[in-house]
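Asker: Take this structure first; my questions come after.
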Amino acid sequence: MKETPSQLNVPSYLMNFPFTLDTSNPNNIWMKELSPEEIKIDKNKAYRQFLDLYNFVAGSGLCYLLPSEGNYQDQVYVANLGIYLPHLKENTIILSNYTSEPRQGEEYVGKKFLDRKSTRLNS
């Protein structure tokens, strides 16, 4: 079996630069409670915050960047993409089945990326 990041003795991370981060389609109760001014995103601040986090994370392990494909406003939240099951003999990830309209399709971007890493996926 091809070695994967989960087999390393260092942490491995998957991140996504917030190119498509947006709040134009509120998709949870907390977003719906905010005013248009409160929900507005400062893209420059988001980019700086991402780069600060990326530099910190990449300094302590392996950090992959998920490509920004499509127009998925929440794609930056890759922790919601799926779950890795380390207790199984084969490397297995179960991808999310998004029901929120602005998130539907993100799993295909993740699947395409993870397929290149030779990970068995269940969706």
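Asker: Looking at Ser60, Ser35, Ser68, Ser96 in this structure, which one is touching an Asp or Glu at 6+ places or on another chain (Cβ under 6 Å) and either over 25 Å from Leu8 (Cβ atoms) or small (Gly, Ala, Ser) (or both)?
Answerer: Working: Ser60 fails: touching an Asp or Glu at 6+ places or on another chain (Cβ under 6 Å); Ser35 fails: touching an Asp or Glu at 6+ places or on another chain (Cβ under 6 Å); Ser68 fails: touching an Asp or Glu at 6+ places or on another chain (Cβ under 6 Å).
Criteria check complete, one pass: Ser96.
Asker: Taking only segment 1-16 into account, find how many residues are part of a loop (DSSP other than H, G, I, E, B) and farther than 17 Å from Tyr72 by Cβ.
Answerer: 8
Asker: Inside segment 9-33, can you point out the residues that are more than 22 Å from Glu106 (Cβ to Cβ) and either among the β-branched types (Val, Ile, Thr) or open to solvent by 70 Å² or more (accessible area, probe 1.4 Å) (or both)? Even if it seems obvious, please write down each step before you answer.
Answerer: Start the filter on segment 9-33 by keeping residues that are more than 22 Å from Glu106 (Cβ to Cβ), which leaves 9-11, 33.
Hits for segment 9-33 are Asn9, Val10, Glu33.
Asker: Quick check: is even one residue across segment 73-82 surrounded by fewer than 12 Cβ atoms within 10 Å (Cβ to Cβ) and among the small types (Gly, Ala, Ser)? Spell out the reasoning first.
Answerer: Initially, segment 73-82 is screened for residues surrounded by fewer than 12 Cβ atoms within 10 Å (Cβ to Cβ), giving 79.
Narrowing the set further to residues that are among the small types (Gly, Ala, Ser) leaves 79.
Yes - at least one qualifying residue is present in segment 73-82.
Asker: Against the condition open to solvent by 60 Å² or more (accessible area, probe 1.4 Å), of a type outside the set (Asp, Glu), within 24 Å of Phe113 (Cβ to Cβ) and modelled with pLDDT under 90, how does Pro86 come out, does it pass? Working first, answer last.
Answerer: Details: open to solvent by 60 Å² or more (accessible area, probe 1.4 Å): yes; of a type outside the set (Asp, Glu): yes; within 24 Å of Phe113 (Cβ to Cβ): yes; modelled with pLDDT under 90: yes.
Yes; evaluated as a whole, the condition is true for this residue.
The values are calculated or read from the model by the stated rules, or taken from the named source; none is laboratory data. Because the structure is predicted, anything quoted here is derived from the model rather than measured. Glycine gets a Cβ as well: all are built from the backbone with ideal geometry, and neighbour counts include every protein chain shown. Quick note on the areas: whole protein, heavy atoms, side chains included, nothing else; ligands and nucleic acids left out. Shrake-Rupley method; radii C 1.70, N 1.55, O 1.52, S 1.80 Å.
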